[in-house]
Structure formats: structure tokens, C-alpha cells
Amino acid sequence: MSADKVRRIAHLDMDAFYASCELMRYPQLQGLPVVIGGGRRREDTWLPRLLAHDPEGDWRADNLMDRLHEIPLAAFPRLKDYVGRGVITTATYPARQFGIGSAMGLMKAARLCPEAIMLPVDFDRYRQFSRRFKAVILEIAPLMEDRGVDEVYIDFTEVAGGQREGGRVLARLIQKSIFEATGLTCSIGVAPNKLLAKMASEFDKPNGISILHAQDLQTRIWPLPCRKINGIGPKAEARLGEWGITTIGELAAQPRERLMERFGRSYGAWLHDAAWGRDDRPVVTESEPVSMSRETTFERDLHAVQDREALGAIFTRLCEQLAADLQRKGYVGRTIGIKLRYDDFRAVTRDQTVEDFTDKAARIRQVAGQCLKRVDLSRRLRLLGVRVGHLLPRDEAPAPQAGGAESPPPQASLFEGDENDSRGTPTAPPKPH
Ligand code: TTP
Ligand code: MG
Ligand code: MG
């Protein structure tokens with residue numbers, strides 16, 4: 001960090017995220033109380049509803065998706081008609097005015113606002129929007145830490161505009177760019193660190209920007225309840241309550257030693273630092289994956305001999321899926337391993353490192369098959385997994401040697417070949433885990 005620059009960290013959180021993603025395809029619901037919850041999305045449930053509510057509307061399976069914005073309000077499901085134990089993932093701001101919010105039971109919410117519209121969740125859609133808004137941010141500010149589907153930290157310190165008006169200029173640009181690219185609004189807090197930025201992003205929701213400076217601690221942070229600190233949960237809150245501490249300011253007034261005696265050295269010291277707005281955690285950009293794996297738990301426990309065919313097929317499919325994952329994400333690896341869980345829940349793993357980097361199903365299966373020979377297969381199995389580690393991006397890996405191990409001779413392997421086959425290449429000693 002240059003001497004003339006102060007640390008400025010932003011926390012950005014999308015507004016009513018799942019609900020806002022839904023409103024992009026149902027704009028007729030704008031401004032209405034809407035909740036998201038109650039099972040996964042099923043497109044085919046629309047048609048019978050539409051035919052019942054709007055028989056003149058010429059609704060057909062083949063025109064439905066292009067006409068979602070025309071669906072009449074009367075055809076939308078209402079909270080009052082819901083029966084079940086589902087909970088709300090999120091609610092639009094108009095719904096929140098009725099006291100409805102995340103994690104509330106749908107039937108309880110129905111008592112608060114029976115006419116609220118209820119839509120099922122569609123994670124794929126939210127993930128798409130998530131990728132799009134993060135891509136917009138990365139084009140403007142490269143130091144971004146992904147904190148889940150609808151929020152990120154961004155290091156503003158060295159970015160153009162990141163210091164102007166305490167970060168407000170850059171925050172405004174990001175907000176506007178996300179809105180233009182996705183139609184969605186977000187709220188941003190900019191502060192000296194992640195801890196304070198996370199709190200600041202909530203100050204002016206929805207579609208707000210809050211700028212917090214170190215000297216604002218006393219006036220804007222200390223009056224807040226302790227649980228507003230990300231890391232103080234209901235348990236810690238209750239224990240602080242026993243001491244009569246409810247606000248962050250009251251927590252800050254406690255001697256550090258006293259907190260450490262009561263809450264343990266590490267958490268006690270952290271509580272004290274947090275109350276004083278101290279936090280030097282860096283913004284961590286996405287790191288390269290170390291390994292990738294695929295595993296499956298069987299519907300019934302399987303035995304290597306009696307269920308050889310079924311196990312062989314599952315094993316092959318896992319290797320193919322893993323190879324597809326590697327190829328899609330552009331990685332190759334050279335440590336190949338397996339994981340088994342027995343019917344008594346004991347787990348074992350074995351791996352082997354080979355010369356060549358690979359993303360090929362056949363090679364993965366061959367080496368994983370070698371690993372299988374080093375485990376006890378007399379017990380029934382509940383789970384089988386395959387892993388590839390030592391990953392490198394495909395273009396950084398050394399090219400395969402001519403006549404090298406890239407296309408190895410076919411070899412019998414467990415679950416289908418000759419189990420007494422001893423032609424296998426020497427294996428590394430088993431690694432205890
Ligand atoms: P949040 O960011 O906590 O909430 P939000 O984006 O819906 O609303 P806000 O404007 O207050 O930020 O969570 C992001 C998404 O995560 C939310 O849209 C739905 C999902 N979620 C759940 O599924 N269950 C929950 O309990 C919470 C809190 C969120
Ligand atoms: Mg949000
Ligand atoms: Mg969030």
C-alpha cells in the first residue's frame with residue numbers, strides 16, 4: 001500500500017437477491033410482497049394454473065417461457081394457499097414490511113401477509129446472476145473475495161476512484177455497472193476493513209452506499225447491538241447479555257483480559273478487537289483448486305465380489321465425471337487417489353502419483369484401479385470416491401513425452417478384471433489417513 005493511501009475495503013451485498021432475480025422475469029410483481037421458498041422450481045406447474053385462471057390467454061407449453069411477464073397476477077400462487085413445513089429463503093422489501101424474512105416458516109408468514117406471492121427457488125438462475133454481477137465487479141476492481149452467492153469483499157485501496165470520497169465514487173460506479181448489466185440492485189459499505197465494511201453494507205439497504213471512516217466507530221458502530229458483528233452469534237450474545245452487555249460500545253468498554261478469561265484467550269481477544277473495529281484480514285482472491293474429486297454413497301452397501309459389475313460401472317462413471325470436471329475447468333493432475341467408506345463407517349484413502357499429468361477418464365481409472373488393490377475389499381462398501389490432486393492449469397503442465405505414459409497399455413483392474421493380476425506398476429506405500 002502506498003504511503004498516501006489508506007486502506008479502503010468494500011463489502012457488497014445484493015438486495016433481496018433470490019427475489020430480485022425472480023422479479024427480472026416476472027416484472028409484473030415489482031413493488032409487491034413476494035417470498036421465495038417452498039420447493040424447487042417446476043415449470044410444468046404453471047400451465048394448469050394459467051389455463052384455470054386465464055382460459056382465454058392461449059397459454060401453451062411452447063410459448064410459456066417467452067410470456068412469463070404476461071402472466072396475470074391472479075394466476076400467481078399466494079402464501080395463504082400454502083400448506084407444509086417449508087421456510088422462506090428471502091422476501092422482497094415490500095414483504096418485509098409485514099415482518100416477513102429469511103428462515104421464517106411459510107405458514108407463519110402466511111398469517112402475516114396472506115396475499116403475498118410465493119415463488120419456488122431456482123438456484124441455477126441465482127447462480128447465473130451471481131456469476132454475472134461478480135464478472136462486472138472484476139472488470140472494475142480485480143481484488144475481489146467471493147463470499148457466497150450474493151456477496152463479495154472488494155479491496156478499493158489501489159483502484160482508481162477507490163479513495164475519492166472515501167470510496168463512494170468507485171462504489172457508485174460498481175453499483176451502476178451491476179444494475180446496467182443485470183437489472184439488479186446491491187448495497188455497498190466501504191470501511192477501513194472487512195469487519196466494518198460488512199456492517200456498513202447493511203446501513204442503507206436496499207440500493208445504498210455507506211462510507212465509514214475509522215473516526216466513525218464511536219458514533220455509528222458502538223450504538224449497535226453486539227450481534228451485528230459478523231462472528232458474534234446467538235450464544236455469545238446471550239453470554240454477553242448475562243454481563244449486561246448489549247451494545248458494541250459496552251463490549252468495547254470491557255477490559256480485554258476480562259473477555260479473555262470469560263471467552264477463552266483467542267475468542268476473547270477477538271471480541272475485544274472487533275468491538276474496537278480492528279481487523280487486518282486481507283481480501284483473498286480465488287485460489288487455484290488443489291484437487292478435484294467425485295464420490296458417491298450407494299443406495300445399499302455393495303461388496304467388491306458379489307456386486308462387482310455394479311461397482312465397476314459406478315467406478316467408471318465417477319472417473320468419467322471427474323475427467324469431465326477437470327476438462328471443463330481446464331486442469332490436469334498427476335496424483336490420483338480413491339476413497340472408500342466401509343459399512344462400519346470407517347474410511348480409507350489411497351493415492352498414487354504418476355509422471356504424466358492427465359485429465360483423461362481412462363488414465364484416472366487405471367491409476368485409481370491400482371490404488372484399489374491396496375485396500376481391504378472383503379467388507380461391504382457404502383461409498384466410493386475418486387480424486388485427482390497436484391493440479392495445474394492445462395496450459396502450464398509439461399507436455400506428455402513421446403511414447404510416455406499418456407496412453408498406457410490397457411490393464412485389468414478391480415471390480416471387473418483379474419484380481420490376481422500382478423502386472424501393475426509398483427505402487428507407493430499406502431498412506432495412512
Ligand atoms: P442475504 O444477502 O442475507 O439476503 P437477501 O439478499 O435476500 O436480502 P438483503 O437485501 O437483506 O441482503 O442472502 C442472500 C440470499 O441467500 C437470499 O436472497 C436467499 C438466500 N438465503 C437463504 O436461502 N436462507 C437464509 O436464511 C438467508 C439469510 C438467505
Ligand atoms: Mg443480500
Ligand atoms: Mg448476503
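The values are calculated or read from the model by the stated rules, or taken from the named source; none is laboratory data. Quantities reported herein were computed from a predicted structural model and do not represent experimental measurements. Here the Cβ positions follow ideal geometry from the backbone for every residue, glycine too, while neighbour counts run over all protein chains shown.
Structure notes:
- Some residue of segment 152-165 being within 16 Å of ligand 1 (Cβ to nearest atom), under 19 Å from the mean Cα position of the chain (by Cα) and of a type outside the set (Val, Ile, Thr): yes
- Taking the conditions (1) modelled with pLDDT under 95; (2) under 30 Å from LEU340 (Cα atoms); (3) in contact with a helix residue (DSSP H, G or I) (Cβ under 9 Å, 6 or more places away or on another chain) in turn, PHE315 satisfies each one other than (1).
- Test: residue in segment 200-208 that is among the polar types (S, T, N, Q), assigned by TED's automatic domain parsing to the domain that holds ARG147, outside any helix (DSSP H, G or I) and in contact with a helix residue (DSSP H, G or I) (Cβ under 7 Å, 6 or more places away or on another chain): no
- Only one of PRO120, PRO114 that is in contact (Cβ under 8 Å) with a residue 12 or more places away in the chain, assigned to a loop (DSSP other than H, G, I, E, B) and either surrounded by fewer than 20 Cβ atoms within 10 Å (Cβ to Cβ) or within 15 Å of ligand 3 (Cβ to nearest atom) (or both): PRO114
- Filtered residues of segment 175-193 (kept if within 14 Å of ligand 3 (Cβ to nearest atom) and within 19 Å of ARG8 (Cα to Cα)): CYS186, SER187, ILE188, GLY189
- Of all residues in segment 13-48 being surrounded by fewer than 20 Cβ atoms within 10 Å (Cβ to Cβ) and of a type in the set (S, T, N, Q), the one that is farthest from ligand 3 (Cβ to nearest atom): THR45
- Qualifying residues in segment 177-186 (those that are within 14 Å of ligand 2 (Cβ to nearest atom) and within 18 Å of ASP155 (Cβ to Cβ)) - the one surrounded by the fewest Cβ atoms within 10 Å (Cβ to Cβ): ILE178
- Restricting segment 148-162 to residues that are among the charged types (D, E, K, R) and near ligand 3 (Cβ under 8 Å from one of its atoms) leaves a set whose member that is farthest from VAL284 (Cα to Cα) is ASP150.
- Filtered residue count, segment 328-375, keeping only those that are surrounded by fewer than 22 Cβ atoms within 10 Å (Cβ to Cβ), aliphatic (A, V, I, L, M), in contact with a helix residue (DSSP H, G or I) (Cβ under 8 Å, 6 or more places away or on another chain) and assigned to a strand (DSSP E or B): 1
- Pick from segment 3-40, criterion at pLDDT below 95 and of a type outside the set (Gly, Ala, Ser), ranking: farthest from ligand 1 (Cβ to nearest atom): ASP4
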